[in-house]
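Novice: One structure, pasted below without further comment.
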Amino acid sequence: MFLSFNLTAFAQTDTCQTVTPPEDFLESIGVTQYVHSYSSKKFNLFIHIIADQTGHSRISDEEIDDWLNLLNSDFNSGNITFEVVGKEIIKNDYFYYYSYNKFDELISVNPHDNAIDIYFLGDATQDAKTVAKAESIPSTAFVIGAGWKGTSVISHEMGHCLGLYHTHEWRFGKDFDGSGCEEKGDKVCDTPPDPGLEFFREALEENNCQFDENWDISPWICCPQPENIMSYAPPTCMQWFTSGQISRALTIIENSSVLQKAYFYISTPQNLSWHNYSGNPKLTWDLVTNPDADSYNIYRNINNCGEDCGPFIHIASVNGNITSYIDNDITISYKNSQLNAYYYVTAMKQNHESFPSNIIDVPTNSMAKPAEKNKNAGKIKSVGVYPNPFNSSITISFYLISDSIVNIIIYTLLGEEIKRINLGLLDKGMQNFHVDFSNHNYGIYYYVITASDKIIDKGKLVYLK
Ligand SMILES: [Zn+2]
């Protein structure tokens, strides 16, 4: 089958307007070997939402949150994550009615050197709707329009920020047959030569994003990747980066002082283990270095159904120079043990949390040491509320030190009680309850837990769509 196509028909709907710089960043710093092993990277994002002068933006917070979730999921394979550290609304008609020539002015509005700045536009103009442009390759800013919401075009622009070229890049030479893949094309070897998939958009849409080997793309060898996020295939086809692309991005990150300022890198605690310390589990793990941790968080989950069953609850924190914790609330029991206490540890640095360590399990028979009944009447500990923010229901978990009559009460921001759950007399030990909010409005709520008529915990809940 031979497809004819019209070059000019696609020129106005290019997925992205990012301009490839004349020189490759890695050549300019003399690095040619891509890295393959790496630590997790958590980039800071600063979100700028462009609104008109009345504050109307034509793109909602929920749409942006969904879009950022997609960004995180696309970079998951590289252990690269993104976290919003700040957000502003820019009320400005000049930018709201965007045209492509305003790009440089827009990315100079309140930029951050410790974050990647994303400027979100609505669809007030055609250019606002279709803009998708990174400052450079690599860089720490891009502008994206509402026309691409819900697609991986956001990850495509982030890919440029992290040093990735289009799969059809020609500036460094055409790799018709894949030879010279490190110097030519997109400088990545597991992305086949790509003649420019924008010329095949309609055919790809009809063909369910599959490239047909019979399509005449000579002199290029077959077959470009319509699902590659750095291609110009229809945005609905874009799904993944290759491991070569992730490798290149990580190499750029390792070598770019500008990108390094935009992420926090915290090593994950390694080799969590436990031993018997006078009948209680003593957890130990390896010291996190380079950078040091400010502190470690210890999480525990007690149940009889496995580590994935039930919530992990933050039970304690220790200073960053300490690498052990004795859990005096858990008695080790090898004989007839019916429960397991599962643990993991995370490292904290400047309020950023690492990925969890390995999970360990400790056999136990009792939830805790025998309670001193009278003294502990109505006492609970280790309250956990998750998820928070949430989007329909929450689970409240707590550990009762002795049998108690417990109530959970939910208030609005204005103090109006909207829900009172009388749980009655509960046995001591771990307790979990679901609270459903599906009949209530989005917003901020407060919960109060009472045990034996005393308020023993309260806190804020954030209900998002
Ligand atoms: Zn692009």
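No lab work stands behind these numbers, since they all come straight from the coordinates. All values derive from a computational prediction rather than experimental measurement. Please note: Cβ atoms are built from the backbone with ideal geometry, for glycine as well, and neighbour counts cover all protein chains shown.
Novice: Using only DSSP helix segments of four residues or longer, with each worth -39500 (n - 2.57), what per-residue ellipticity at 222 nm results for the chain after dividing by its residue count and rounding to 500? Each step should come with its number before you reach the end.
Specialist: Details: 10 runs with 69 residues, N = 465.
-3500 deg cm²/dmol, from helical runs alone.
Novice: Unpartnered cysteines of the chain (Cβ-Cβ under 4.7 Å counts as a partner)?
Specialist: Unpaired cysteines in the chain: Cys16, Cys161.
Novice: Could you tally the net charge around Ile29, taking each other residue with its Cβ under 12 Å from the Cβ of Ile29, Lys/Arg +1 and Asp/Glu -1?
Specialist: -4
Novice: Sorted by packing (mean other beta-carbon atoms within 10 Å per residue), highest first, where do 216-222, 258-264 land?
Specialist: Descending mean neighbour count gives 258-264, 216-222.
Novice: Relative to the longest principal axis of the chain, what angle (0 to 90°, nearest 10) does the C-alpha long axis of helix 243-255 take?
Specialist: The two axes meet at around 80 degrees.
Novice: Follow-up question, since we're still on this one. Taking amide hydrogens as modeled 1.01 Å from N in the peptide plane, which residues meet the under 5 Å criterion relative to Ser333, leaving out close sequence neighbours?
Specialist: Distant-sequence amide H within range of Ser333: Thr364, Asn365.
Novice: How big is the Cα convex hull of segment 380-463 in projection, averaged over all directions, in nm²?
Specialist: 4.8 nm²
Novice: What does the charge add up to near Ser108, with Lys and Arg as +1, Asp and Glu as -1, over the other residues with Cβ less than 12 Å from its Cβ? Can you show the working numbers first?
Specialist: Values: positive: Lys102; negative: Asp104, Glu105, Asp117, Glu135.
Residues near Ser108 contribute -3 overall.
Novice: Give me D for the chain in µm² s⁻¹, whole number, from Stokes-Einstein with Rh from the Kirkwood sum over alpha-carbon pairs, 20 °C and 1.002 mPa s.
Specialist: Answer, rounded: 84 µm²/s.
Novice: Counting only DSSP beta bridges with both residues in the chain, tell me the antiparallel percent, nearest 5.
Specialist: 75 percent
Novice: Sum up the charges of everything whose Cβ sits under 15 Å from the Cβ of Gln270, counting Lys and Arg as +1 and Asp and Glu as -1, but leave Gln270 out.
Specialist: -2
Novice: So how long is each side of segment 273-364 along the principal axes, counting just the alpha-carbon atoms, biggest first, in Å?
Specialist: In descending order, the Cα extents are 43, 28, 17 Å.
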